[in-house]
Amino acid sequence: MREVAIIGVGITKFGELWDASFRDLGIEAGLKAMNDANLTGSEVDGMFIGNMSSGSFIAQHHISALIADYSGMASQNVPSTRVEAAGASGGVAFRQAVMAVASGMHDIVVVGGAEKMTDVSDEAANSILDSATDQQWEAMFGATFPSLYAMIARRFMHEKIATREEIASMAVNSHAHGALNPDAQFRKAITLDTVLRSSMVSDPLTVFDCAPISDGAAAVVLCPLDAAKKYTDRPIKVTASAQASDTLALFQRNDITTFGATAAAAKRAYSSAKIKAEDISVAEVHDHFTIEGIMALQDLGLFKKGEAGKAVKDGQAAIGGKVAVNTSGGLKARGNPIGATGVAQIVEITKQLRGDADKRQVKDARYGLAHNSGGTGSTVVVSIMEAL
Amino acid sequence: MSVARHWRETPGRYNLVGTKCGNCGRIYFPRRSICPECRRASFGKMEQYMLKDHGTVFTYSVVHEASADNNNLKPYAIAMIRMDDGVLVTGQLVDVDLDKVEIGMPVRAVLRKLGDESHIATINYGYKFVPKDK
Ligand SMILES: [Zn+2]
């Protein structure tokens, strides 16, 4: 297996982007990443695109061909593959690309992630998100996507793993960082009171416990590590990319205060990177809901079970804390265009490890981790990047 | 969704019919054609099994933002119920004061009308849960 490097990254602004179409966004991110890698385009021999639901959001399937076409790759017949794993679509696409380069099947691969969510009503968008759950045995019976996480939060509080305030502090942390990111959807710091007193979505979770509906795209370019210096003097090494599955429906699990797929993917990733959780200085974790972020910090081993909520509330997940979490603003403040999210996390970690993160730069970071999750932890990807 | 897609699942939806593994005895809901523990050894040995209709609230939430099909019901309680057979099942809690729902509360399953798909002229039925003594 060959070692793999990230040689270029690109990202669009995230938010309600009325004037940008799906293809505009995908192409903007891709071209930025290719430009960052100093590529003309003729070097590219593979593409992977993370996207959850273009069929439902914009009535367009086959977006692998669409993106290849409009990015000028169809003229040289570059193979392009769309990957779907709900919220983990981008992370899985990234991992597919890593494997393609590591195996020697491809040399220069572009990974894109894109979602255009605001061409439908918020209500329709939420129903599409509900389809990441078990449609027949959860959504059909009245469970919404937020309600499943609300029920996890209830167990956390009941079992005294985290308090309501500690759970809410995840959003405060993400917003504080989002305020420093010019590409973020929300660039405003908030207080605990904002989270606790905003309107209820699914008790105990309020609007501010939930990531917004967003448009956006992100892209990265990969190549073999030993060729990376041809394209950039600052390649970032992909030290591990691990994936794991769990049951589709949350009620099929005995314990809902831990996501087995996160723990399994993290274990595989640390083992393949030959590092420990303590070696991670900066992490992008999947906080579609505050409770999901708190739980991830525990399942990734970044904080002990029962301590993550308090640690976040005490500032240990802030820039300068024990581990800087969601320096981009996370899903909550940077925004969450579903298929783009997993790739956007890689973009942020790459910027951090290169020292390109401006006002939100973490000092002397060597290892960065990205945690991308689909549904209720039914598909999880954990990737670890290393500064060289 | 089409009528057939709903009709195929009526034993599970109406009567909480799941599966019991003839190899290890584990119970599953909804139905499965193989046991995730026994896999190949369970093939052809999965039997229909009707859950007992009693259980307790394992966790719950009150839904304030619902999908279009359930919009007329909100706010409503959704819960995961630990059935007496040991499995968890997700469903709505009805005929209950929303402020009185709590973890550990004993409930039983009843057959009710589910979300409204009147736009495609379908009315769906399935289990919901009520306090045990109702
Ligand atoms: Zn079995």
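Per this entry, A:THR118 is not counted among residues that are touching a residue at least 12 places away in the same chain (Cβ under 8 Å), within 12 Å of chain B (Cβ to nearest Cβ) and either over 30 Å from A:GLU16 (Cβ atoms) or not hydrophobic (A, V, I, L, M, F, W, C) (or both). Picking from A:PHE94, A:PHE57, which residue would you name as being touching a strand residue (DSSP E or B) at 6+ places or on another chain (Cβ under 8 Å), buried (at least 17 other Cβ atoms within 10 Å of the Cβ), of a type in the set (Phe, Trp, Tyr) and farther than 15 Å from A:GLY342 by Cα? Step by step, each of A:PHE94, A:PHE57 is checked, and only A:PHE57 is touching a strand residue (DSSP E or B) at 6+ places or on another chain (Cβ under 8 Å), buried (at least 17 other Cβ atoms within 10 Å of the Cβ), of a type in the set (Phe, Trp, Tyr) and farther than 15 Å from A:GLY342 by Cα. The criterion of at least 3 residues that are in contact with a Lys or Arg (Cβ under 8 Å, 6 or more places away or on another chain) is met, among helices (runs of 4 or more DSSP H) falling completely within segment A:1-100, by A:63-70.
The set of residues in segment B:1-38 that are among the polar types (S, T, N, Q), within 14 Å of chain A (Cβ to nearest Cβ) and part of a loop (DSSP other than H, G, I, E, B) contains only B:SER2.
Of the residues B:ASP133, B:ASP99, which single one is surrounded by fewer than 16 Cβ atoms within 10 Å (Cβ to Cβ), part of a loop (DSSP other than H, G, I, E, B) and more than 10 Å from chain A (Cβ to nearest Cβ)?
Just a single option satisfies the conditions, and that option is B:ASP133.
Residues of segment B:8-22 being within 16 Å of the ligand (Cβ to nearest atom) and buried (at least 17 other Cβ atoms within 10 Å of the Cβ), which ones? Answer for segment B:8-22, where residues must be within 16 Å of the ligand (Cβ to nearest atom) and buried (at least 17 other Cβ atoms within 10 Å of the Cβ): B:GLY18, B:THR19, B:LYS20, B:CYS21. A:SER198 falls short on exactly one of the conditions (1) modelled with pLDDT of 95 or more; (2) over 30 Å from A:ASP19 (Cα atoms); (3) surrounded by fewer than 24 Cβ atoms within 10 Å (Cβ to Cβ), and that condition is (2). A count restricted to segment B:39-70 and to residues that are at the interface with another protein chain (Cβ under 8 Å from one of its Cβ atoms) and surrounded by fewer than 16 Cβ atoms within 10 Å (Cβ to Cβ) stands at 1.
Listed here are the residues, each with its yes/no results for (1) acidic (Asp, Glu); (2) over 27 Å from A:SER131 (Cα atoms); (3) in contact (Cβ under 8 Å) with a residue 24 or more places away in the chain.
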residue	(1), (2), (3)
B:ASN23	no, yes, no
B:ILE27	no, no, yes
B:PRO36	no, no, no
B:SER42	no, yes, no
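The values are calculated or read from the model by the stated rules, or taken from the named source; none is laboratory data. Since we're looking at a predicted model, the values are computed, not measured. Here the Cβ is made from the backbone with ideal geometry for all residues, glycine too, and neighbour counts use every protein chain on show.
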